[in-house]
Amino acid sequence: MTTSERKQALSGGISMDWPPEPILGSFYGEEEIEAVVRTIRSSRDPRVGFGFICDEIKEFEEAFAAWIGTKFCVSLNGAGGALDMAMICLELEKDDEVIVPSVNFRASPLAVLGQRAKVVFAEIDPRTLNLDPADVEKRVTSRTRAIVPTHMNGLSADMDALEEIGRRHPTKHGPIPVIGDAARTLGATYKGTKVGRKGWMNIFSFHTQKMITTLGEGGAITTDDRDLVTRLQGIRQFGNPAHSYDPTLRGVGWGSNYKMTKIQAATGLVQLKRLDDLVARRQRLARARSAMLQGCPGLQLPYEPAGYEGSYYLYTLLAPREWAGKTRDRLMEIMKKDYNVECIVANPPVHNTVPYIASHVGNVKLPVSDEVGGRIFCAPIHPYMPDQDNAYIAAAIWEAMDKVRAEVGR
């Protein structure tokens, strides 16, 4: 982006104060409103109501599984509950270990700790920001029960490499399963498959900020494992699978209430129709922004390895290595103060920034994660962001970088 292009982009201003992680990450139109109203009207009959595992939920699960390319989908009330359920299915014991990244939202390590098991943090690849398979392999022990990569900010983890590690290091329970946390990565592809296709299971979020949303909350687990599905369905509804693929099965033990609602599912079916377009819009904006930022000194742009396509839930950048910490924060301050572009650190390493997790994992040494945590920042992106706003944000990043460089002398 030349100086004159930056000047022109900034002169046009920006259309709104974009949140760094927009509160509505999707788009809602009249079709969603009509689906809600139609579902409410059809549920007023006392013999119909809103539950439990109704046709709308079954239809949404079938459509979502087909979109991902898996045999099964289990809809849920949120991705946090889905992570809890995944850990329950492992039947973890006190000294069992689950490998997760630290540069991540806190949900997956909290799910491990919630089952009284041990969190083992592994390093990330500083370009992809996903679990580094080489470091994961160093941390595998006979007590490792699962590897749980977070598909970070819209880019898939290297699932083939992680699954191969699991096969190379079987425990008494068999090969170590890989459970993908895909809360932020719906719509991304990995080696010709949709994220959610590989691994024992993958967990999705339909929270209000995510790629699609089922009225603000919701989630799903995709898998090809029929027995796992029956277990998940039982946990979802007080031990009774209800919508089981085995109609003779009466119960599977412990369960609670993790169900998605009928209205959420009806809305989700409409949102699912929009998903291809929503992802394509994000990709177009992100790649256009990266082209405008190409050559900005010291700035690490989002990276897509060969065979990967990110869905760009967040547009993730790394400040220069020597700017880690306070200088990165100064860059974000200038972006907000001088250009009204608010950025977010998503996410700092949780092993030393979330007190509850830190109190359970001890003195963890993760130099790569700590460095990335000091450099990472995310600038606003949304599928319906105007091109002018996208160019404005790119120009603001250039200008803010120049101002920081002038302040620090490098």
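The values are calculated or read from the model by the stated rules, or taken from the named source; none is laboratory data. Quick caveat: nothing in here was measured; it's all calculated off a predicted structure. Every residue, glycine as well, gets a Cβ built from its backbone with ideal geometry; the counts of neighbours run over all protein chains shown. The area values use the complete protein model at the heavy-atom level, side chains included, leaving out ligands, DNA and RNA. Shrake-Rupley method; radii C 1.70, N 1.55, O 1.52, S 1.80 Å.
The combined condition, being in contact with a Leu (Cβ under 6 Å, 6 or more places away or on another chain) and in contact (Cβ under 8 Å) with a residue 60 or more places away in the chain, is fulfilled by Ala63. Gly166 meets each of the listed conditions (1) out of contact with any Leu (no Cβ under 6 Å at 6 or more places or on another chain); (2) touching a residue at least 24 places away in the same chain (Cβ under 8 Å) apart from (2). The set of residues from the stretch 50-72 being within 17 Å of Glu217 (Cα to Cα) and open to solvent by less than 10 Å² (accessible area, probe 1.4 Å) comprises Ile57, Phe60, Glu61, Phe64.
When Ile334 is tested against (1) touching a strand residue (DSSP E or B) at 6+ places or on another chain (Cβ under 6 Å); (2) β-branched (Val, Ile, Thr); (3) open to solvent by less than 10 Å² (accessible area, probe 1.4 Å), just one condition goes unmet, and that condition is (1).
For beta carbons closer than 7 Å, sequence separation of 6+ or different chains, a first residue in the stretch 309-335 that is under 27 Å from Ala280 (Cα atoms) and a second that is aliphatic (A, V, I, L, M) and open to solvent by 30 Å² or more (accessible area, probe 1.4 Å), the qualifying pairs are Leu317/Leu301. Quick check: is even one residue across the stretch 346-364 under 30 Å from Asp277 (Cβ atoms), touching a Phe, Trp or Tyr at 6+ places or on another chain (Cβ under 6 Å) and either part of a helix (DSSP H, G or I) or open to solvent by less than 50 Å² (accessible area, probe 1.4 Å) (or both)? Yes, the conditions are met somewhere in the stretch 346-364. Counted as qualifying within the stretch 84-156 are the strands (runs of 3 or more DSSP E) with 2 or more residues that are open to solvent by 10 Å² or more (accessible area, probe 1.4 Å) and in contact (Cβ under 8 Å) with a residue 12 or more places away in the chain, namely 118-122.
From the list Leu317, Leu285, Leu299, the lone residue that is open to solvent by less than 60 Å² (accessible area, probe 1.4 Å), aliphatic (A, V, I, L, M) and touching a helix residue (DSSP H, G or I) at 6+ places or on another chain (Cβ under 6 Å) is Leu285.
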